[in-house]
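One structure is given here, and the rest of the page talks about it.
A short reminder: the numbers here are calculations on the coordinates, not readings from a lab. Quantities reported herein were computed from a predicted structural model and do not represent experimental measurements. Virtual Cβ from ideal backbone geometry, glycine too; neighbours counted across all protein chains shown.
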Amino acid sequence: MTANTVKQNIYEQIQKRNPGEVEFHQAVKEVLDCLIPVLERHPEYIEAGILERLVEPERQIMFRVPWQDDKGNVHVNRGFRFEFNSALGPYKGGLRFHPTVNASILKFLGFEQVFKNALTMLPLGGGKGGADFDPKGKSNNEVMRFCQSFITELFRHLGPDTDVPAGDIGVGGREIGFMFGQYKRLRNEFTGVFTGKGLNWGGSLIRTEATGYGCVYFAEEMLKTRSENFEGKVCTVSGSGNVSQYTVEKLNQLSAKVVSLSDSNGTVYDPDGIDDEKLAFVLDLKNVRRGRIKKYAEKFSVEYLEGKNPWGIKCDCAFPGATQNEISENDAKTLLKNGCYLVAEGANMPSTPEAIEQFIADKILYGPAKAANAGGVAISGLEMSQNSLRLSWGRQEVDEQLRNIMIAIHKQCYEASEEYSRPGNLLMGANIAGFVKVANAMLDQGLV
Ligand code: NDP
Ligand code: 2IT
């Protein structure tokens, strides 16, 4: 069978087996398309059924999460954990709490996590989970009761050498705290079973900053291939949560000018730049007061683009940091027409396949999510190491390790793109380099 036939068969099989799960299909198709030349060169992967095994999670957990609101009303949400692949280490990946969460979204995230984690070079398998719970507008007590109920079921599947969750959309320090507390109580064990913990109870310095900082470090490496840096570059950032906040902070440190942030209601456009003082306002607004980004426009008297994303704003570099499929084909065309020549994905799968085609055809610097946002999970890996050693490393030490990991990820992706005659195509590079590590470990470990 040719590599192309194998690819077609697997793609048809996952569509049949996972009907309607369009995000999962999208993520698998992207990887399969990139792997054709690898399969042609390495028939042993086909013979061992590596691809068939990779697209089927090792274990899928789905459960009822009942909880009571402050008025005593009962609510029921659906909880999930997809334990995708443990060839390289314990299942590792975030939990997402958002009303749109379903099996398709968590499977696309879990599938991508496997390759992303491989790129970090740390001993991490891949998984993802979450619930269709919306933390927005809930009181602290309601969020706590939800988290406790969620973990009361999930805890039996977790463990520091089994499955180690972290945050994602709607899950930050507050939620990790409530889940860790409940886990500790049920197990009667203080172990590093979550990452993104508070700094005085086992968390790592720089974990909060890691995804955003890492994404900018990766983008810096892309710029270096054209002998450029961030000084004076106009950047657009979407989202205004954890990833976007620290993308802005690092871009400011490197003398770029960030002109946008957004949330699901709209975008703020600040042509003078979101400096550190304005960013401090955003952190308080989003992390403490939990308000809408529109308040930024009111506070600093800048333009608010109701219901719009930032991709119509002229920029040199774009940093999608919100959610999947937030850059459409038309958005990509607008970005390119306006002179944007670098896109670094802080969010997971933010560009549609049609948008990616535009970026690749135009040969801009395109950093795919698996590589560009791997800094978060990389520092999660270092949090696990520190927990095992029962010590904690300093801020500068962890930041340096993050930077070195992002440089190494860029190098691996670039080298894989050259090895397969598509120099600079980091989409191919990331998928190939991540796949080869996981596939070789699976070959070594036999048919499991
Ligand atoms: P947060 O919950 O902190 O922030 C999410 C941001 O994205 C908010 O501004 C939110 O706006 C916006 N957003 C979410 N859903 C939508 C939507 N459907 N349409 C428009 N805007 C939306 O999450 P994170 O910053 O942690 O995550 C952002 C992205 O980065 C996700 O794709 C995540 O998977 C990815 N990521 C996160 C990592 C981490 O370590 N946290 C690591 C690697 C990737 P609103 O408040 O209106 O919902
Ligand atoms: O998508 C991701 O890489 C994350 N949400 C972080 C996962 C982790 O385990 O730190």
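Annotation: for a label point projected 7 angstrom from Cα along Cα→Cβ of E397, residues of segment 177-204 with backbone N closer than 19 Å are 192, 196-204.
Residue exposure proxy: T334, T247, T225, ordered by other Cβ atoms within 10 angstrom of their Cβ from fewest to most, comes out as T225, T334, T247.
Normalised radius of gyration (Cα atoms, divided by 2.2 N^0.38 Å) for segment 376-448: 1.39. In order along segment 72-89, the phi-based Karplus estimate (6.51 cos²θ - 1.76 cosθ + 1.60, θ = phi - 60°) of 3J(HN,Hα) comes to x, 6, 8, 10, 10, 10, 10, x, 9, 8, 9, 8, 7, 7, 10, 5, 9, x Hz; Gly and Pro are listed as x. Give me the one-decimal nm value for the distance between modelled label points at N229 and N140, 7 Å along each residue's Cα-to-Cβ direction. Placing both labels 7 Å beyond Cα along the Cβ direction yields 4.3 nm. Note on segment 117-180: Cα-only Rg and Dmax are 13.1, 39 Å. Among H410, H157, the order by Cβ neighbours within 10 angstrom, fewest to most, reads H157, H410.
Backbone amide hydrogens, once placed in the peptide plane, bring N425 within less than 5 Å of nothing, excluding anything fewer than 5 places away on its chain. An ellipsoid equivalent to segment 232-319, defined through the eigenvalues of its Cα gyration tensor, has semi-axes of 17, 15, 11 Å when rounded to whole angstrom and sorted largest first. Placing +1 on the Cβ of every Lys and Arg and -1 on the Cβ of every Asp and Glu, with no other charges, gives the chain a dipole of roughly 1100 debye about its Cα centre.
On a C-alpha basis, how far is the centre of segment 255-285 from the centre of segment 310-335 in Å? Whole number, if you could? Segment 255-285 and segment 310-335 have Cα centres spaced 16 Å from each other. Between the residues F194, G72, G159, the greatest Cα displacement towards the positive end of the dipole of the chain, with unit charges on the Cβ of Lys, Arg, Asp and Glu, is found for G72. Which log10 I(q)/I(0) values, to two decimals, does segment 246-294 give at q = 0.18, 0.26, 0.29 Å⁻¹ under the Debye formula with one point per Cα? Here log10 of I(q) over I(0) equals -0.53, -1.05, -1.21.
Any idea how far the Cα center of segment 1-57 sits from the one of segment 379-403, in Å? After rounding, the separation between the Cα centres reads 35 Å. Between E418 and E47, the contour length at 0.36 nm per residue exceeds the Cα-Cα span by 131.0 nm.
Got a sec? Which residues in segment 346-373 would a label at S264 touch, if it sits 7 Å along Cα→Cβ and we count backbone N under 17 Å? Backbone N within reach: 347-348, 350. For the chain, the Kirkwood estimate of the hydrodynamic radius, built from every pair of different alpha carbons, is 22.0 Å. A straight line joining the Cα centroids of segment 193-209 and segment 85-141 runs 17 Å. For a label point 7 angstrom out from the Cα of M1 toward its Cβ, which stretches of segment 50-76 have the backbone nitrogen within less than 18 Å? The answer is 50-57, whose backbone nitrogens lie closer than 18 Å to the label point. Computed over the alpha carbons of segment 270-329, Rg followed by Dmax gives 12.6, 35 Å.
Which value, to two decimals, describes the C-alpha radius of gyration of segment 318-403 once divided by 2.2 N^0.38 Å?
Details: Rg = 16.6 Å, N = 86, 2.2 N^0.38 = 12.0 Å.
Relative to the 2.2 N^0.38 Å estimate, segment 318-403 comes out at 1.38.
Can you return the aspartates and glutamates within cross-link range of K184? Criterion is Cα-Cα under 19 Å, with same-chain partners fewer than 8 residues away left out. Those aspartates and glutamates meeting the cut-off are E153, D161, D163, E175, E383.
Tell me, what are the semi-axes, in whole angstrom and largest first, of the equivalent ellipsoid of segment 296-444 as set by the roots of 5 times the Cα gyration tensor eigenvalues?
Values: eigenvalues 184, 111, 32 Å².
Whole-Å semi-axes of the equivalent ellipsoid: 30, 24, 13.
Estimated from the Cβ-Cβ distance and a Förster radius of 30 angstrom, the FRET efficiency linking K411 and S385 is about 0.85. Of the three principal axes defined by the Cα atoms of segment 110-267, the extents in descending order read 53, 38, 31 Å. In terms of surrounding Cβ atoms within a 10 Å radius of their Cβ, S351, S86 rank from fewest to most as S86, S351. Scanning the chain for long hydrophobic helices, with DSSP H runs required to stretch 18 angstrom or more by C-alpha along their axis and to average at least 0.5 on the Kyte-Doolittle scale, returns 103-119, 426-444. Of the peptides 337-343, 287-293, the order by per-residue mean of other Cβ atoms within 10 Å, starting with the highest, comes out as 337-343, 287-293.
State, to one decimal in nm², a quarter of the convex hull surface area for the C-alpha atoms of segment 54-170, i.e. the direction-averaged projected area.
Values: hull surface 27.7 nm².
Computing the convex hull of the Cα atoms and averaging its projections yields 6.9 nm².
Across q = 0.12, 0.17, 0.18, 0.22 Å⁻¹, segment 1-128 modelled as identical point scatterers on its alpha-carbon atoms has Debye log10 I(q)/I(0) values of -0.51, -0.91, -1.00, -1.33, in the order of the q list.
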